[in-house]
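The values are calculated or read from the model by the stated rules, or taken from the named source; none is laboratory data. Just so you know, these numbers come straight off a predicted model, no measurement behind them. Methodologically, a virtual Cβ is constructed for each residue, glycine included, from the backbone with ideal geometry; neighbour enumeration extends over all protein chains shown.
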Amino acid sequence: MKKAILATKVGMTQIFAENGELVPVTVLQAGPCVVTQVKTVETDGYDAVQVGFADIREKLVNKAQKGQFEKAGVTCKRYLREFRFENAAEYNLKDEIKADIFAVGDKVDATAISKGKGFQGAVKRYGQHRGPMKHGSKFHRHQGSNGSATTPGRVFKGKGMPGHMGSVQRTVENLEVIKVDAENNLLLVKGSVPGPKKSLVTIKETVKVTR
């Protein structure tokens, strides 16, 4: 992997392609990210680049983080992430990673925490069928039978049941970069990206796997 950046989700819109096709896109505020630490095999056992994104007030970080930012010579950041770049040795402290590392047509993977839906029933959570809605059935959106009787006498693991829905890490792969606004650090990618507006999104180039 040679390209990656942290971004926040601005929202969705649609633009016209050169051929007149209407394309739905997600707008991402990508960077600028600043290099806060460069890890090497000699010192850390592996090569990686740690980057910070989104400024934050100094009073909101602990002493350990504050010392790390002061050592790197950068302002306090809200998010810290590591990227195992193939060319990690080429980066230096305080280097900036901006949206212009990507180009139109690039394929990227977007990772974020999906929207939380709270506690939901099996009908909404898994699309299970409901019961009759009239004639006194008294069985409408309930779960129904969960397991057998004496044998095996328990509910198998993985059974689709009511519970907490959403708020889990999701990755959407092979999204195409439709437009890059280097001046405003904006990326427009085709399709939808997990998470609500203003949420943190990790954008990485799609790695082609050869078999």
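Brief remarks follow.
- None of THR171, THR206 is at pLDDT 90 or above, within 21 Å of the chain's Cα centre (by Cα) and of a type outside the set (Gly, Ala, Ser) except THR171.
- Number of residues in segment 76-102 that are free of Cβ contacts under 8 Å to residues at least 40 places away in the same chain, surrounded by fewer than 17 Cβ atoms within 10 Å (Cβ to Cβ) and in contact with a Phe, Trp or Tyr (Cβ under 8 Å, 6 or more places away or on another chain): the value is 1.
So that you can scan it fast, the table gives a plain yes or no per residue for (1) surrounded by fewer than 16 Cβ atoms within 10 Å (Cβ to Cβ); (2) outside the structural domain of ASP95 (by TED's automatic domain parsing); (3) β-branched (Val, Ile, Thr):
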residue	(1), (2), (3)
THR13	yes, no, yes
THR36	no, no, yes
GLY45	yes, no, no
VAL51	no, no, yes
GLN68	no, no, no
ALA72	no, no, no
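- Number of residues in segment 175-211 that are buried (at least 17 other Cβ atoms within 10 Å of the Cβ) and assigned to a loop (DSSP other than H, G, I, E, B): the value is 4.
- Considering segment 158-174, the residues that are closer than 17 Å to LEU6 by Cβ and touching a residue at least 60 places away in the same chain (Cβ under 8 Å) include one that is surrounded by the most Cβ atoms within 10 Å (Cβ to Cβ), namely VAL172.
- When VAL172 is tested against (1) part of a strand (DSSP E or B); (2) among the hydrophobic types (A, V, I, L, M, F, W, C); (3) touching a Lys or Arg at 6+ places or on another chain (Cβ under 7 Å), just one condition goes unmet, and that condition is (3).
- The single condition among (1) without any contact (Cβ under 8 Å) to a residue 24 or more places away in the chain; (2) over 21 Å from the mean Cα position of the chain (by Cα); (3) surrounded by 14 or more Cβ atoms within 10 Å (Cβ to Cβ) that ILE56 does not meet is (2).
- Condition check for ALA103: touching a Pro at 6+ places or on another chain (Cβ under 7 Å) and either among the hydrophobic types (A, V, I, L, M, F, W, C) or farther than 24 Å from LEU187 by Cα (or both): no
- Exactly one residue among THR8, THR111, THR75 is assigned to a loop (DSSP other than H, G, I, E, B), among the hydroxyl-bearing types (Ser, Thr, Tyr) and within 25 Å of LYS197 (Cα to Cα), and that residue is THR75.
- A single entry from LYS159, LYS124 fulfils the requirement of being outside any loop (DSSP other than H, G, I, E, B) and basic (Lys, Arg): LYS124.
- When ARG125 is tested against (1) at pLDDT 90 or above; (2) assigned by TED's automatic domain parsing to the domain that holds LYS9, only condition (2) is not met.
- Residues (surrounded by 10 or more Cβ atoms within 10 Å (Cβ to Cβ), more than 11 Å from MET161 (Cβ to Cβ) and of a type in the set (A, V, I, L, M)) located in segment 118-146: VAL123
- Given (1) in contact (Cβ under 8 Å) with a residue 60 or more places away in the chain; (2) within 17 Å of LYS39 (Cα to Cα); (3) not charged (D, E, K, R), number of the condition GLY105 does not satisfy: (2)
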